[in-house]
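The values are calculated or read from the model by the stated rules, or taken from the named source; none is laboratory data. From a predicted model like this one, the values you see are computed outputs, not experimental measurements. Virtual Cβ from ideal backbone geometry, glycine too; neighbours counted across all protein chains shown. Surface areas here come from the heavy atoms of the whole protein model, side chains and all, with no ligands, DNA or RNA. Shrake-Rupley method; radii C 1.70, N 1.55, O 1.52, S 1.80 Å.
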Amino acid sequence: QVQLVESGGGLVQPGGSLKLSCLVSGSIFGIRAMGWYRQAPGKQRELVAVLDSGGITNYGDSVKGRFTISRDHVKNTVYLRMNSLKPEDTAVYYCNGIIITGPTGRETGYWGQGTQVTVSS
């Protein structure tokens, strides 16, 4: 069983910063890719940032230049550093992982439970 657990959300003023963490635990043979998505009330879940096993990143247009995804391979943790936060960044942020769960290379997608980020004065 694989679990993804996010932490680091909270309330921050516009222009402020937050750093989210996502710890991956369980029966893991490898990690193909990790990502962050977000969902605001009344809106669809959208891509924030993705980091693959080769170090390639992809960011949503609205966060480019402000957010940075990174990963600690030893700790099996992925981070999302968010700078210059705006009220429109308010959402529940979800961690997603494409995890290699067996010796044959089988890949399975997992989601965390989400962490609330609120940007407001």
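Observations on the structure shown:
- The simple spin-label model puts a point 7 Å past each Cα toward its Cβ; for ILE28 and THR104 those points are separated by 2.3 nm.
- Ligands, DNA and RNA are left out, and with a 1.4 angstrom probe the accessible area of segment 19-121 is 52 Å² per residue.
- In order along segment 83-88, the phi-based Karplus estimate (6.51 cos²θ - 1.76 cosθ + 1.60, θ = phi - 60°) of 3J(HN,Hα) comes to 10, 6, 5, 10, x, 6 Hz; Gly and Pro are listed as x.
- Averaging the sequence gap over all C-alpha pairs within less than 8 Å and six or more residues apart, then dividing by the number of residues, gives segment 1-94 a relative contact order of 33 percent.
- Residues of segment 1-43 with an amide N closer than 16 Å to a point placed 7 Å from the Cα of SER70 along the Cα-to-Cβ direction: 17-23.
- The orientation-averaged projected area of the convex hull spanned by the Cα atoms of the chain comes to 7.2 nm².
- Pairs of lysine residues in the chain that meet both criteria, 8 or more places apart or on different chains and Cα atoms under 20 Å apart, total 6.
- Surface composition of the chain: carbon plus sulfur atoms hold 48% of the accessible area, using a 1.4 angstrom probe and ignoring ligands, DNA and RNA.
- Per-residue ³J(HN,Hα) for segment 21-33, Karplus 6.51 cos²θ - 1.76 cosθ + 1.60, θ = phi - 60°, Hz, x for Gly and Pro: 10, 9, 9, 9, 9, x, 7, 10, 9, x, 10, 6, 6
- Cleavage-rule hits, trypsin sites (Lys or Arg not before Pro), segment 35-121, DSSP coil, Cβ neighbours within 10 Å at most 10: LYS43, LYS64, ARG106
- ILE98 sits among other residues whose Cβ lies under 14 Å from its own Cβ, and their net charge, with Lys and Arg +1 and Asp and Glu -1, is +1.
- Only Lys, Arg (+1) and Asp, Glu (-1) charged, at Cβ; the chain dipole about Cα centre in debye: 80 debye
- Among GLY42, ASN76, VAL12 - extreme Cα towards positive end, dipole of segment 1-83, charges at beta-carbon: VAL12
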